[in-house]
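Presented below is the structure to which this report refers.
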Amino acid sequence: MENKDLNISEMIKMQKELHEINKERWGEYYPEDAKNHLLYMVEEMGECISIIKKKGIDTIMQEGHVRERFVEEISDVLMYYIEVLIRLGISPEELSKAYIEKHNTNMNRNFVEDNKRKYE
């Protein structure tokens, strides 16, 4: 597959293709499995954090093999994230709408003031 900028629909399609060839081992899609996939995603985030702790940000930014390993782990995080979307029936359109709305909210938000109020 060529390198490209994937969209959510394409990632869902790819993840479903992977699931299809592993269906016997992985079973059917069940919404209750989303919880486990969130936990797997957190585990993969831990692997990303481990690389940061062991190698440092500068190494990730400057050394190709360390960067490749880090990006691979980030890809694992994204794959589990996509699994959660699939299992909970969250469509690309539904996610996009929520993302845009949250972005617009954040664009008008004063994070410093919000955090002051939160912890006073």
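The values are calculated or read from the model by the stated rules, or taken from the named source; none is laboratory data. Worth saying up front: this structure is predicted, and the values here are computed from it rather than measured. Cβ sites come from the backbone with ideal geometry, for glycine too, and all protein chains shown count toward neighbours. We work out accessible area using only protein heavy atoms, side chains counted, and drop any ligands, DNA or RNA first. Shrake-Rupley method; radii C 1.70, N 1.55, O 1.52, S 1.80 Å.
List of remarks:
- Scope the stretch 1-24; condition surrounded by fewer than 12 Cβ atoms within 10 Å (Cβ to Cβ) and not in a helix (DSSP H, G or I); matching residues: M1, E2, N3, K4, D5, N7, N22
- The stretch 80-108 - residue that is open to solvent by 50 Å² or more (accessible area, probe 1.4 Å) and touching a His at 6+ places or on another chain (Cβ under 9 Å) and, of those, nearest to W26 (Cα to Cα): Y80
- Qualifying positions in the stretch 45-83 - of a type in the set (D, E, K, R) and assigned to a helix (DSSP H, G or I): E47, K53, K54, K55, D58, R67, E68, R69, E72, E73, D76, E83
- Only listed residue being more than 16 Å from the chain's Cα centre (by Cα) and modelled with pLDDT of 95 or more, chosen from I86, I60, I82, I90: I60
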